[in-house]
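Heads up: the structure comes next, in structure tokens.
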Amino acid sequence: MSNVLTIENLTYKRSGKQILADVNLKLDSGKIIGLLGENGAGKTTLMRAIAGVNSASEGVITVNGNTDKVTIKENVSLNDHLDGFKVNSKINEIVHFYDAVYQDFSIEKYEEIASFLGVDMTEKLSALSTGTRGKLIVALTLARSVKLYLLDEPLSGIDSISRKKIISSIIRWKDDDATIVISDHYVTAIASLLDEIVIIKDQQIRELIPVEKIQTDYHLGIEAYFEKVYTGEIK
């Protein structure tokens, strides 16, 4: 099993404030990994740095053996919350934009996922409910063919039925050798997906631990383990 992501001594500052400090991490290919941390811990910042959207102050990020930012972007699919599109944009216009920008984007794959999730191509962005917008974002993200998918809060503000559909789509359309990193407040909802979890605390990676180890060594669920790490009950 090969490393899809290696982060070495990553530091990130914004407006003079340090968000991440000396972050080190290695992720294997083929897994689904939960990225957990309190609000403001740096989860979104870390994902955007991995995807090449944010430039690290210091450190090296390697994705699928590449450190060049342009090549990394070709190997990473980060969910875009679509704030850059006009509210009257039609979904089919957004899909064709993705198809034009990303060589690895598959309209056929998108249509399969969108059909499964119940996304109507004729709707405008402004007409979408929070749940449908979330489904659209996931469909667009997963319709690319890359080694690393980064899903930042894909279930935020979404009802339980839509959450279950999105989770099912992640399982159904994940390639065996692809890696998915998912960050979400609904830890219990995504727990069944996860092979490992990464915990961010105090601007650093507190640990990377297999879910199986949490269950066998600590006899805890993922959310309970995460809470005990944050409260200091588990050192």
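The values are calculated or read from the model by the stated rules, or taken from the named source; none is laboratory data. From a predicted model like this one, the values you see are computed outputs, not experimental measurements. So basically every Cβ, Gly included, is an ideal-geometry build from the backbone, and we count neighbours across all protein chains shown. Surface accessibility is based on the protein's heavy atoms, side chains included, excluding ligands, DNA and RNA. Shrake-Rupley method; radii C 1.70, N 1.55, O 1.52, S 1.80 Å.
What accessible surface, in Å², does a 1.4 Å probe find on E111, ignoring ligands, DNA and RNA and rounding to the nearest 10?
That residue has around 100 Å² of solvent-accessible surface.
List every residue whose amide H lies under 5 Å from the amide H of I205, counting only residues 5 or more places away in sequence or on a different chain, with H placed 1.01 Å from N in the peptide plane.
N24
Cut-off 10 angstrom, C-alpha nodes, Gaussian network model of the chain. Which of K165, K17, K147 fluctuates the most?
K17
On a 27 Å Cα-Cα criterion, which of the cross-link pairs K164/K235; K124/K165; K90/K165; K26/K228; K31/K235 come out too long?
From K164/K235; K124/K165; K90/K165; K26/K228; K31/K235, over 27 Å: K164/K235.
Can you give the helix-only mean residue ellipticity at 222 nm for the chain, where every DSSP H stretch with n ≥ 4 adds -39500 (n - 2.57) and the sum goes over all residues, rounded to the nearest 500 deg cm²/dmol?
-9500 deg cm²/dmol
For H185, tell me the accessible area in Å² from a 1.4 Å probe, rounded to the nearest 10.
It works out to around 100 Å².
For the chain, with a Gaussian network of springs between Cα atoms less than 10 Å apart, report the residue from I205, I180, I32 with the top mean-square fluctuation.
I205
Pop out the carbon and sulfur fraction of the accessible area of the chain as a percent, whole number, probe 1.4 Å.
The computed percentage sits at 44.
Taking the Cα centre of segment 84-235 as origin and charging only Cβ (+1 Lys, Arg; -1 Asp, Glu), how large is the dipole, in debye to the nearest 20?
380
Need one number: % antiparallel among DSSP beta bridges in the chain, to the nearest 5.
Counting only bridges with both partners in the chain, antiparallel ones make up about 60 percent.
Might you report the magnitude of the Cβ-based charge dipole of segment 1-129 about its Cα centre, with Lys and Arg at +1 and Asp and Glu at -1, to the nearest 20 debye?
520
Could you please state, rounded to a whole Å, how far the C-alpha centre of segment 187-235 is from the C-alpha centre of segment 41-70?
Segment 187-235 and segment 41-70 have Cα centres separated by 23 Å.
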